[in-house]
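Heads up: the structure comes next, in structure tokens.
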Amino acid sequence: MSEETLPLRPLIRELALGQTIDFPIKRMLSVKSSCTDLGAIYSRKFKTKLNREQGVITVTRIK
């Protein structure tokens, strides 16, 4: 599977506390939506950081 077709939710859901993962910037809306949904469902918090130069969005689990 290419990086753009990997399922987001399982990857984000399995993040350990303090762990980060990068996704292509093209998937930004899906990534942010998934972080919001999974945070509410599993009582977790995620931080996202956009790096336009590298073209990635980084997700970090903070709770």
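Overview of results
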item: Subset of segment 1-41 that is farther than 14 Å from T58 by Cα and among the hydrophobic types (A, V, I, L, M, F, W, C) - its residue that is most open to solvent (accessible area, probe 1.4 Å); result: M1
item: Filter result for K49 (closer than 17 Å to R9 by Cβ and open to solvent by 90 Å² or more (accessible area, probe 1.4 Å)); result: no
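Residue by residue, here is whether (1) part of a loop (DSSP other than H, G, I, E, B); (2) modelled with pLDDT of 95 or more holds:
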position	(1), (2)
M1	yes, no
E4	yes, no
R9	no, yes
I12	no, yes
L15	yes, yes
L29	no, yes
T36	no, yes
I41	no, yes
K47	no, yes
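The values are calculated or read from the model by the stated rules, or taken from the named source; none is laboratory data. Since we're looking at a predicted model, the values are computed, not measured. Ideal geometry is used to build each Cβ from the backbone, glycine not excepted, and the neighbour counts take in all protein chains shown. Heavy atoms of the whole protein, side chains included, go into the accessibility calculation; ligands, DNA and RNA do not. Shrake-Rupley method; radii C 1.70, N 1.55, O 1.52, S 1.80 Å.
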